[in-house]
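Worksheet for the structure shown next.
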Amino acid sequence: MRLIVITLLGLGLATALGLGATWITATRGTNLGTLTIGAWTARPRIGSAEIDPYSRAAIARSGELPIGAGDGIAFLAKADDAQRPLDGRCEVIIAGITPAARFWTLTLHDRKGYLVANSLQRYGFTSQEIVRNSDGSFLVHVASRARAGNWLPTGGIERYVLMLRLYDTPVGVGTRTRRDAPMPSITTEKCS
């Protein structure tokens with residue numbers, strides 16, 4: 001009788017640990033196959049048949065539709081280059097160039113993945129509409145108050161996420177360094 005109780009207790013504990021670990025990875029994600037360049041992170045295999053089971057569970061839970069591996073890649077930034085969380089009450093500067101891509105978009109999302117509401121209905125920029133410097137680089141101000149040039153309004157939300165989607169690009173599983181994929185820098189300038 002004692003052996004049956006110990007066995008059932010062990011099985012119950014193993015089930016609780018397994019379900020708990022699965023819930024945590026499905027809600028918070030994992031770093032399996034993650035590509036990190038500066039403040040930007042991506043999962044190149046997420047839109048392919050080689051997707052890991054934890055990423056598959058997170059996608060099923062969120063209802064997200066990832067970019068197919070043959071179509072492009074999506075990079076997220078939740079913090080600046082100094083690892084400070086992106087705060088909508090601060091002025092954040094995105095500067096530099098993007099990796100080679102036929103087309104790209106830069107959008108501002110809240111922590112749940114929704115576009116940040118603002119009175120201008122300006123949610124992002126595309127590679128075709130952004131104002132560039134003479135060397136091809138660009139500068140985007142992300143702030144609650146209007147700025148000259150490329151400006152994304154935050155609406156003053158506390159935390160947000162930047163998403164840079166590159167379409168028809170060589171960036172992917174084999175990319176490892178900033179030299180392979182020159183990503184724009186993200187710096188926090190001042191907070192109000």
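Most exposed first by the Cβ proxy, i.e. fewest other Cβ within 10 Å, how do Leu19, Leu76 rank?
If I rank by nearby Cβ atoms, fewest first, I get Leu19, Leu76.
Ranked by Cβ crowding within 10 angstrom, fewest neighbours first, how are Trp23, Trp151, Trp40 ordered? Spell out each step's value before the answer.
Numbers: Trp23 12, Trp151 16, Trp40 22.
The fewest-first ordering by Cβ neighbours comes to Trp23, Trp151, Trp40.
How charged is the neighbourhood of His141? Take every other residue with its Cβ under 10 Å from the Cβ of His141, and add Lys/Arg as +1 and Asp/Glu as -1. Kindly include the intermediate steps, with their values, before the conclusion.
Values: positive: Arg145, Arg147; negative: Glu91, Glu189.
Overall, the nearby charge balance is 0.
Count neighbours as other Cβ atoms within 10 Å of each site's Cβ, and list the chymotrypsin sites (Phe, Trp or Tyr not before Pro) in the stretch 67-141 that are DSSP loop with at most 11 such neighbours.
Listed in order of number, the matching sites are Tyr114.
All of the numbers you see were taken from the coordinates with simple rules; none came from a lab. Just so we're clear, the structure is a prediction, and the values are computed from it rather than from any experiment. Neighbour counts run over all protein chains shown; Cβ positions are idealised from the backbone, glycine included.
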